[in-house]
Structure formats: C-alpha cells, structure tokens
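See below for the structure under consideration.
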Amino acid sequence: MRSKKTLFTVGFFVILSAVSFLIASEGSPPPASPHVAMTPELKEKYPIKAHHAKLSLRCTDCHEKQGDNPEDFKAIGDEGCLSCHKTKQYLADRLKFMDALHVNPHNSIHDGPKLYCDECHNEHKPSDNMCLSCHSNDVKIWMRKTP
Amino acid sequence: MKKLVLILKSKLVWIALGGALFGVLFSLGVYEGLHRTSDDRFCIVCHEMKPMVAAYRNDVHGGAGKSGIKVTCVTCHLPQDNVLGYIFTKAKNGVVEGAIHFFGNVDAIDWQANRVNKDHFVKDEGCIHCHVNYRDNANISEKGRSMHAHYASLKNTDQAVGCASCHAEVGHQGLRSMLNYYHPEYDYYKGKLDKYKDAVEKKLAEEMK
Amino acid sequence: MSNKETMSRRDALKLGALSTAGLAMLSASNAMAAAPTEKDVKFDEEYDVIVIGTGFAGLAAAAKAAERGYKVLILEKMGRIGGNSVINGGGMAVPNSTWQKKYGIQDSGELFIKDCLKAGLGINHVELLETIVKRAQDALDFSIKCGAKWQDVKPAWFGGHSAPRSLVTDNMSGSGVIKPMHEFVEKLPGCKIMTRTKMDDFVMSADGTSVVGVTARINYRFDPKLFSDDIENKTGEKKVYKAKKGVVLASGGFSMDKMFRKLQDPRITPDQDATNHDGATAGALLKAFQIGAMPVHIDWIQQGPWASPDERGFGVAPLLTQQGLFKLGVAVDVRNGKRFMNEMADRKTRADAEYVILREDPKAYPVTIGTYNTFEEQVYPIMEKGLTGGVMKKFDTLDALAANYKIPADALKETIKKYNEDAKNGVEDQFKKQTLKEMKGKEAIEMKGPFYAIRLMPKPHHTMGGLQINTKAQVISGNTGKPIPGLFAAGEVTGGTHGASRLGTVAVTDCLTFGLIAGENI
C-alpha cells in the first residue's frame with residue numbers, strides 16, 4: 001500500500017519535472033561570443049561611454065558576429081543599438097515630457113522618431129547633437145549633453 | 001471535573017493561553033501591518049510618492065498589463081531573501097522615510113538625480129522570484145538572453161550589475177516624464193508641464209477612491 | 001578654362017590645404033569621362049521613376065508618380081529625410097487660395113506675379129510664375145491629401161507680398177508637410193526610399209541623348225568637415241538603377257557648397273554660415289550640366305536678411321523678426337540710430353541694405369527693435385527660446401537698449417518718435433512700409449516698453465539659379481534647345497522662377513507645384 005503511494009508520488013514529480021524541463025528548455029542560452037582580450041591600448045583607442053562601461057560590456061557584445069579582431073569591426077548601425085534599446089518609438093516615449101514643448105530629440109518636430117542613431121550618438125568618440133546645427137543657443141536650455 | 005478546575009486555577013495555563021492568544025493576535029497584527037503597508041495605496045499616503053505610484057500604475061507590473069496582475073511595491077523594493085531581513089529593512093525604512101517625510105524637506109529631493117542609484121533601490125531577488133527563467137526564456141530575444149548571461153556572470157563580483165542597471169524604468173513606465181511633470185529637470189520646463197501633472201493627479205484620485 | 005584659372009593663386013592659398021586638395025580632385029574628376037551610357041553599366045535594380053532628393057519637390061513628384069501606379073525609387077544622400085524642407089518655416093504662399101476666400105482677402109494672380117517680378121528685379125521666367133498661379137492651389141490640395149495640416153487662420157503677410165497669402169503648417173515647420181508626405185509615399189506600393197544613398201551620375205541611353213537611370217552609392221555617409229563632399233567623399237558601395245520612365249532631379253540648392261557658392265559670389269567666404277542643412281551642395285546640379293542641361297541665373301544667391309550672427313544656421317531669429325520685430329518694429333544702423341530699410345521689403349533689398357552697413361564696418365551688425373504688440377501669437381513660444389538663448393534681448397528702456405548696442409540714444413529715440421508719429425497719423429513713412437497702414441491711431445512701438453532687440457546679419461539662404469525647365473518640369477538641353485528625354489527637375493535645383501530674389505514662402509509653393517507637375521508628366 002505504502003509503496004504504491006510512494007510510486008505514485010515519485011511518478012507525479014517525474015512527469016512534472018519533465019514538463020517543466022520541456023518548458024524551460026524552449027530557449028537555451030545563446031552561444032558565447034568570441035572573446036577579445038581588453039588591453040589598455042584598445043581601451044584608449046576605442047573608449048566606450050560611461051553608461052556602457054558601467055555594465056562591463058565587452059567589444060563583442062555590440063560587435064556581434066564580426067570576428068575577434070577589433071581592427072575589422074564595423075559600425076553596428078541602428079539594428080545593433082536597438083537590439084538592446086528596443087525601438088526608436090520606445091526611446092521617444094521615454095522622453096515624452098519633452099514632447100509637451102516640442103523638444104524631444106527622439107521625436108523632433110522635424111524628423112519624428114526616424115533619425116539614424118549615429119546621426120547624433122557616437123560610441124567611441126564624443127556624440128554630436130544634430131539639433132545644434134540650427135538651435136545652437138537654445139538646445140542647452142531644454143536638454144543635456146548628448147550621451 | 002476537579003482536575004479541570006485545578007488546571008484552570010493553575011497560573012501556568014493562563015499564561016500559556018494568554019501567550020498563545022497574544023501570539024496569534026500579534027502575528028495577525030504584524031501580518032495585517034505588513035500587508036497593509038506593502039502596496040501603492042499605502043505608499044501614496046506620502047504625497048511625494050505620487051509620481052512613482054502614477055508611473056507604476058502605468059506599468060505592466062502595476063496592473064497595466066492584460067492580466068492586470070500587480071506586484072506590490074515591497075516585492076521589488078525590499079529584500080526578499082529572508083523574513084527577518086525583510087521585516088528589519090521595512091521597519092528601518094519606515095522610521096527613516098517617515099522622519100524625512102515629517103521633519104525633512106521632501107520638496108528638495110532630486111528624485112531624478114537619485115535614479116543613478118536605482119540598483120540600490122531595486123532588489124534583484126524580487127525580480128528573479130517571478131522571472132525565474134530569465135536566462136533561458138524563449139520569449140526573451142537572443143540579445144536579451146546573452147545580456148542576462150552576462151548579468152549572471154558578473155554576479156558576486158566587484159563588477160556586479162543590477163536588473164535596473166539596464167531596465168531603467170522597470171516597474172514605473174514613463175518615470176522620467178512623470179518626475180518631470182512634478183519636478184522639471186530644466187528651468188525651461190517649469191510651469192509649462194502643469195497640465196500634464198494635473199491630468200496625472202486627476203487619474204490617481206479616480207483610481208485611489 | 002580649368003578651375004585653376006578661375007581662382008587666383010591667392011584665393012587658393014586662402015582656402016587652405018583642404019581646398020587645394022579639393023580643387024586638385026575636381027580637376028581630376030572633370031578630366032574623367034562624361035556620364036556613362038546603358039552600354040557601360042549593368043543595372044542592379046529597375047524602377048519606373050527615380051527621384052533624387054526627399055524635400056518638398058522630390059516627395060511631391062514621387063507621391064504623384066507612385067499614385068499614378070509607377071514603381072518609384074527615391075534616393076537621399078543624407079541620413080535624414082527632407083533636406084532643407086524639413087528645417088524650413090512651413091510657410092507657403094498661395095495666390096487666390098481657398099484660405100484667402102474663406103478669410104475675405106482680396107488677391108489676384110497678376111498681383112502675385114507683380115510682387116515676384118519686383119523682388120526678382122524683373123528677370124524671372126514669367127511662364128513659370130504663371131504656372132505657379134495656375135497650379136499652387138492644386139499643390140496645396142495635394143499636400144493636404146498626403147496628410148499635411150495647415151493652420152486654419154487668416155493667411156500670414158510676409159515681406160514683399162502685397163496681400164496676406166501665406167499659409168503656415170500646423171507645426172510651423174516644413175516637416176508638417178514632409179513627415180506626412182514621407183509616410184504617404186512609404187505606404188504606396190512599389191515606392192522605396194533609400195537614405196544615405198548618393199546619386200553619382202546619370203546613365204544615358206546608348207545614343208547619349210536621354211536619361212535612362214542613375215549610378216549611386218549606398219551606405220554613403222555625408223561628411224560636413226570636407227571642403228567639397230561631392231568631390232572628396234569616397235564612402236559607400238556603387239549601385240546602378242534603371243529608370244524606365246525617367247529621373248526627377250529634386251536635389252535642392254547649394255547654399256552650403258563652400259566651393260561652388262564662392263565661385264559664383266566670391267563675397268561668401270568658405271566659413272560663412274548659412275541657413276541651410278549641411279548637405280545643400282551643387283554635386284547633382286553639376287552632373288545635370290555635364291549632360292547638357294541649360295544653366296539659369298546661377299550666381300544669384302539669396303541671403304536671408306532676417307538671420308542673426310548670434311546663433312548658428314537658421315535658428316530662431318528668422319521667426320522672431322519676420323513674424324515679430326520687422327512687422328511693427330524698426331531696424332536701425334547702430335552707428336547713427338537711424339532706419340536704413342523697409343523692414344518688410346523683399347529679401348534682396350533688405351540683405352543689400354544690411355550689406356551696405358556691414359561692408360563699411362563688418363562688426364556693426366544692424367539691430368531690429370520692437371515691442372510685444374509686434375509679435376504674432378504663433379511665435380510666443382519661440383520668444384522665450386530667443387531670450388534664453390541670447391539671440392533676442394529684452395530691455396526696460398530705450399536708453400538701456402541703446403547702451404547695450406552702443407547706439408546713440410537720442411538719435412534712436414528720435415527715429416522711433418518719428419516712426420510712431422507716421423504710423424499713428426496714417427502717413428506713409430520714408431521707406432513706404434506696408435504693414436504700418438493698419439496702425440492708424442496706435443503706437444507701432446509701444447513706448448512703455450519693454451523693448452525687444454535682435455542683431456541682424458544676412459545668411460545664404462536660397463540659390464535662385466539652377467536648371468532651365470519648361471512648364472512641364474522638363475529639363476531643357478543646351479545642345480538641342482529641347483527637353484532632355486527622361487529628365488525632369490523641380491524645386492531649388494531649377495532656376496528662373498524667382499529671378500534675382502525669391503519672396504518669402506514662395507519656395508514651398510515652387511517646390512510642391514513643380515514637384516507635382518513632374519510627377520504628373522513623367
């Protein structure tokens with residue numbers, strides 16, 4: 001009698017864990033990126049932004065599938081940026097309060113949420129706020145330096 | 001019968017019974033206390049929490065999702081690894097924040113600047129308690145999973161990052177905008193966002209009835 | 001004549017090493033063969049129509065052609081859609097518009113042409129102006145069909161116009177037209193926009209007479225630091241596109257072309273600021289000349305008299321002056337406190353008047369002065385930007401203002417006193433300013449203050465000259481005197497419409513009208 005009960009319980013858990021294993025194994029951790037050893041020289045040549053450095057991001061986190069030689073790396077384009085930063089609309093929405101005064105750089109009166117990221121943002125050199133080309137004096141009163 | 005009377009007369013029994021009753025009532029009180037002071041209805045009692053609560057209520061974690069499921073404030077903002085730690089932090093925060101609320105100058109707090117410390121305010125174990133399979137959930141993009149693996153690899157090192165390091169407005173959708181409606185980051189906005197703040201207040205008043 | 005000869009050695013030295021390199025490369029590229037023919041190339045993709053440029057003219061042409069069922073490819077060299085159109089002020093002059101009728105304004109096509117000819121010093125190609133009179137309302141309606149929204153208010157009265165006839169977009173920017181038109185075009189089947197794609201050359205038919213496609217570079221990245229991006233920039237990968245029906249050139253003007261604009265008007269130094277976006281260069285225009293297109297009025301470069309030296313680019317000054325200080329206020333020479341122009345005259349008259357002062361003393365920027373009553377309601381939000389950014393300054397008294405700009409205070413007060421008296425009495429002032437007529441019985445400049453002021457400096461704004469087109473937007477060949485088969489053009493890349501100087505808010509009209517016409521006729 002007791003052994004039957006035990007068997008039943010064990011069986012139940014086996015099935016349950018099989019099910020949960022199946023669910024869990026639907027998506028497996030992606031393969032590890034190739035490794036680029038960080039050297040002080042590389043760090044100086046290709047500095048990254050403080051907010052990215054804080055996350056200890058490695059070269060190949062952005063330069064995916066571009067091999068392991070930094071000299072061969074190419075710009076990652078909008079697709080690369082948005083693989084973490086979601087969508088241009090999402091980024092625009094995060095600055096919604098700026099829309100009230102028509103000064104949201106991610107949803108400007110001129111371009112909407114459609115500019116290339118690297119029109120303003122650079123990773124390995126200082127960013128260059130495109131708004132400044134016409135609004136040289138007043139940009140500083142409505143937004144901070146482009147990260 | 002005599003035995004019963006004797007037992008009833010014994011002090012020990014009364015103490016035991018009283019103790020038990022006190023215990024039950026105390027636990028109930030603590031439970032109720034902890035429970036009632038865990039959600040947005042309690043937190044918003046202090047007016048300075050309005051923008052956070054309003055943004056929370058716009059978030060999927062605050063009931064804005066299809067399921068309407070709400071995660072209480074304390075789930076993410078208090079340590080969840082052991083009960084004593086939880087109660088201790090809660091009591092400590094209660095005293096400190098209450099003191100700031102009553103005796104400090106809450107209007108002078110730069111909430112936006114404090115967001116730099118968001119990792120400190122958000123307890124990862126609260127997130128992971130629900131998002132158990134954050135490393136291998138197929139619904140997360142490949143990039144997301146590889147970044148989550150990165151997160152896990154940094155855990156317990158001096159480079160450790162928190163969930164909120166990347167998920168900047170998690171739990172409070174539109175937090176930066178909401179904070180700006182209440183306390184604009186730039187002088188240029190001052191007085192110009194009041195109608196948005198008023199709309200937020202109106203919505204909150206409706207929902208908190 | 002080689003380019004080395006057109007520029008003196010001293011000039012070349014002045015321009016520095018970069019420019020010298022640029023010129024050397026220009027000679028090199030000129031030495032190369034003319035446009036390739038279809039025999040020389042292999043087409044990568046095939047379309048009915050190819051449009052170069054995504055401004056008002058380009059998008060209007062593309063939208064119309066696509067609406068007619070054509071498969072359209074639109075090439076834009078910049079990363080951003082819309083060129084100058086997207087940073088323009090969103091004003092469109094429409095003579096005899098439905099708006100004017102609604103708001104009871106008298107106007108006529110003849111009056112419009114007369115205004116344009118006056119500003120254009122009579123050298124305008126009148127048949128193009130007549131076409132605008134006939135089709136501007138259609139162009140306006142087409143923009144509305146594409147989703148543009150225009151303010152439902154009385155049309156604005158811009159400088160040089162004899163009647164209020166300018167509509168303004170709801171967001172007070174040309175983007176109010178470009179954004180919806182862009183979306184309209186993107187949704188049309190067979191329509192494709194490629195940004196950061198630069199047209200390099202026309203591809204000609206085997207006999208060299210007609211345009212049958214273009215060569216271009218994808219993943220091209222414009223570099224504003226180059227002296228001549230058109231010549232020096234080698235980025236991108238080459239592609240060849242076939243255009244079965246033809247190509248519409250809507251590549252805009254060249255106010256930012258450091259080399260070409262100086263060649264036309266040597267007073268414009270390479271480092272001189274302009275109101276234009278960085279990509280406004282002459283590259284595509286020159287390619288059209290190379291295949292025989294006829295040039296018109298190339299050296300008439302309009303400079304905006306309402307710009308300020310105290311900010312970069314277009315900025316906020318043009319709005320604060322045109323829809324503000326110029327209307328009821330005055331502009332004075334800081335050296336003597338006297339007015340020197342009709343603040344509401346056409347652009348050339350005003351820019352020339354400012355240049356007379358600036359040539360005598362390059363630092364004596366004239367100052368325009370007015371009070372709150374001169375500002376139109378639409379510019380109220382801009383006023384704060386102007387003040388905070390420092391482009392516009394506010395003073396409680398005329399003495400304080402005069403002291404700040406080192407204007408002789410008594411002379412300034414006398415100027416304003418006379419100006420106000422004329423306005424009050426309904427007497428025509430010395431410069432025959434048309435906007436004062438409405439002021440009878442009132443002070444044009446309110447003496448209680450506060451007083452607002454902006455320093456003025458002309459900036460290259462619109463290049464009048466370009467390709468000769470006919471009323472069907474076909475480009476005329478200098479070899480045959482007839483249209484070049486397969487080549488249409490519209491907008492600032494064309495010449496003749498505006499003559500010596502374009503009136504404010506007629507550019508949008510010109511671009512949308514001839515863009516529409518090109519789209520209809522291709």
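The values are calculated or read from the model by the stated rules, or taken from the named source; none is laboratory data. Remember, predicted model here, so these are calculated numbers, not experimental data. Counting neighbours? That spans all protein chains shown, and the Cβs are built from the backbone with ideal geometry, glycine included. Protein only, heavy atoms only, side chains kept; ligands, DNA and RNA dropped before computing areas. Shrake-Rupley method; radii C 1.70, N 1.55, O 1.52, S 1.80 Å.
Relative to the longest principal Cα axis of chain C, at what angle does helix C:506-521 sit, 0 to 90 degrees, rounded to 10?
The answer is roughly 20 degrees.
Can you run phi through the Karplus equation (6.51, -1.76, 1.60; θ = phi - 60°) for segment C:162-168 and list ³J(HN,Hα) in whole Hz, with x for Gly and Pro?
8, 8, x, 9, 9, 8, 10
In Å and on Cα atoms, what radius of gyration and Dmax does segment C:168-277 show?
17.1, 49
With both partners inside the protein assembly as shown, how many of the DSSP beta bridges are antiparallel, as a percent to the nearest 5? All intermediate terms of the calculation are to be shown ahead of the outcome.
Numbers: 43 of 63 bridges.
Close to 70 percent.
Quick check: pseudo-label points 7 Å beyond the Cα along Cα→Cβ at residue A:69 and residue C:123, how many nm apart are they?
About 5.8 nm separates the two model spin labels.
Can you flag which of A:140/C:71; C:102/C:424; C:179/C:239; A:65/C:258; B:190/C:432 are past 32 Å Cα-Cα?
Numbers: A:140/C:71 44 Å; C:102/C:424 30 Å; C:179/C:239 27 Å; A:65/C:258 41 Å; B:190/C:432 43 Å.
Pairs exceeding 32 Å: A:140/C:71; A:65/C:258; B:190/C:432.
Please compute the contact order of segment C:306-457 in relative form: average sequence separation of alpha-carbon pairs under 8 Å and at least six residues apart, divided by the residue count, as a percent. List each step's numbers first, then the result.
Numbers: 277 pairs, mean separation 53.6, N = 152.
Reported as a whole number, the value is 35 percent.
Students sometimes get this wrong: rank B:44, C:268 by accessible area, probe 1.4 Å, all chains present, largest first. Don't skip to the end; give the middle numbers.
Values: B:44 30, C:268 0 Å².
Listed by decreasing accessible area, they come as B:44, C:268.
So how tilted is helix B:83-103 from the main axis of chain B? Cα-based, degrees 0 to 90, rounded to 10.
60 degrees
Using a 1.4 angstrom probe and counting only protein chains, how large is the accessible area of residue B:25 in Å², to 10?
100 Å²
With the contact rule set at Cα under 8 Å and sequence spacing of 6 or more, what percent relative contact order holds for chain C? Each step should come with its number before you reach the end.
Numbers: 1238 pairs, mean separation 115.6, N = 522.
Computed value for chain C: 22 percent relative contact order.
Using a 1.4 angstrom probe on the protein heavy atoms only, line up B:103, C:260, B:22, C:289 by accessible area, largest first. Show your work: numbers first, answer last.
Numbers: B:103 180, C:260 20, B:22 135, C:289 50 Å².
Sorted descending by solvent-accessible area, the residues read B:103, B:22, C:289, C:260.
So what is the 222 nm mean residue ellipticity for chain C from helices alone, if each DSSP H run of at least 4 adds -39500 (n - 2.57) and you divide by all residues, rounding to the nearest 500 deg cm²/dmol? List each step's numbers first, then the result.
Numbers: 16 runs with 176 residues, N = 522.
The per-residue figure over chain C is -10000 deg cm²/dmol.
So what are the ³J(HN,Hα) numbers for segment B:162-178, from phi and the Karplus equation (6.51, -1.76, 1.60; θ = phi - 60°), rounded to whole Hz, Gly and Pro as x?
Karplus values, whole Hz, x for Gly and Pro: x, 4, 6, 4, 9, 7, 4, 10, 4, x, 9, 5, x, 4, 4, 4, 4.
Can you give the helix-only mean residue ellipticity at 222 nm for chain B, where every DSSP H stretch with n ≥ 4 adds -39500 (n - 2.57) and the sum goes over all residues, rounded to the nearest 500 deg cm²/dmol? List each step's numbers first, then the result.
Working: 13 runs with 126 residues, N = 209.
Here the helix-only value at 222 nm equals -17500 deg cm²/dmol.
Test of the criteria: in segment C:324-392, which trypsin sites (Lys or Arg not before Pro) are in a DSSP loop and have at most 13 other Cβ atoms within 10 angstrom of their Cβ? Write down the numbers at each step before the final one.
On the way: sites: C:327, C:335, C:338, C:339, C:347, C:348, C:350, C:359, C:363, C:385; in loops: C:335, C:363.
Passing sites in segment C:324-392 are C:363.
Using bins 5 angstrom wide from zero, how does P(r) for chain B break down, in % of all Cα pairs?
With 5 Å bins starting at 0, P(r) equals 1, 6, 10, 15, 16, 14, 10, 8, 6, 3, 3, 3, 2, 2, 1, 0, 0, 0.
Stokes-Einstein at 4 °C, 1.567 mPa s, Kirkwood radius from Cα pairs: D for the protein assembly as shown in µm² s⁻¹?
On the way: Rh = 31.8 Å.
D, rounded to a whole number, is 41 µm²/s.
Please calculate the 1.4 Å probe accessible area of residue A:79, with all protein chains present, and give it to the nearest 10 Å².
Per-residue accessible area (residue A:79): approximately 150 Å².
How many percent of all Cα-Cα pairs in chain C sit more than 30 Å apart? Could the numbers behind the result be given before it?
Numbers: 65358 of 135981 pairs.
More than 30 Å apart: 48 percent of the Cα pairs in chain C.
For segment B:47-207, calculate the relative contact order in percent as a whole number, restricting contacts to Cα pairs under 8 Å that are 6 or more residues apart.
32 percent
Provide the FRET efficiency to the nearest 0.05 for the residue C:244-residue C:428 pair, computing r from the beta carbons and using R0 = 56 Å.
Values: r = 59 Å, r/R0 = 1.05.
Step by step, r from the Cβ atoms, then E = 0.45.
So if R0 is 25 Å, what FRET efficiency would residue C:421 and residue C:352 give, r being the distance between their Cβ atoms, rounded to the nearest 0.05? Display every interim value, and only then the final one.
Values: r = 28 Å, r/R0 = 1.11.
Result of the calculation: an efficiency of 0.35.
For B:67, B:10, what's the largest-to-smallest order of accessible area, 1.4 Å probe?
Working: B:67 90, B:10 40 Å².
Listed by decreasing accessible area, they come as B:67, B:10.
Find, among the trypsin sites (Lys or Arg not before Pro) in segment A:73-147, those assigned to loop by DSSP (not H, G, I, E, B) with at most 14 other beta-carbon atoms within 10 angstrom. Don't skip to the end; give the middle numbers.
Working: sites: A:74, A:86, A:88, A:94, A:96, A:114, A:140, A:144, A:145; in loops: A:74, A:86, A:114, A:144, A:145.
Those satisfying the criteria are A:74, A:86, A:144, A:145.
Using a 1.4 angstrom probe and counting only protein chains, how large is the accessible area of residue C:497 in Å², to 10?
Here the residue's solvent-accessible area equals roughly 0 Å².
So what is the diffusion coefficient of segment C:306-457 in µm² per second by Stokes-Einstein at 4 °C and 1.567 mPa s, using a Kirkwood Rh over Cα pairs? Let's see the in-between values first.
Details: Rh = 15.1 Å.
Translational diffusion coefficient: 86 µm²/s.
Just how far, in whole angstrom, is segment C:159-181 from segment C:389-427 if you go by their alpha carbon centroids?
If you average the Cα positions of each part, the centres end up 31 Å apart.
Would you mind checking which residues have amide H under 5 Å from residue C:191's amide H? H placed 1.01 Å from N; only 5 or more apart, or other chain.
Result for residue C:191 returns C:72.
Taking H placed 1.01 Å from N in the peptide plane, check which residues at least 5 places from residue C:212 or on another chain put their amide H under 5 Å from its amide H.
Under 5 Å from the amide H of residue C:212: C:203, C:204, C:205.
Hey, how many Å between the Cα centroid of segment C:97-156 and the Cα centroid of segment B:130-209?
50 Å
Seen from all sides and averaged, what is the projected area of the convex hull of the Cα atoms in segment A:77-147, in nm²? Don't skip to the end; give the middle numbers.
Details: hull surface 18.8 nm².
Average of the hull's projected areas for segment A:77-147 equals 4.7 nm².
Separation of segment A:33-112 and segment C:211-232 by C-alpha centroid, Å?
Value for the Cα centre distance between the two parts: 26 Å.
Let me confirm one metric for peptide A:130-136, namely the mean number of other chain beta-carbon atoms within 10 Å of its residues' beta-carbons. Intermediate values should be presented prior to the final figure.
On the way: counts 4, 0, 2, 8, 10, 9, 8.
Whole-number average of other-chain Cβ neighbours for A:130-136 is 6.
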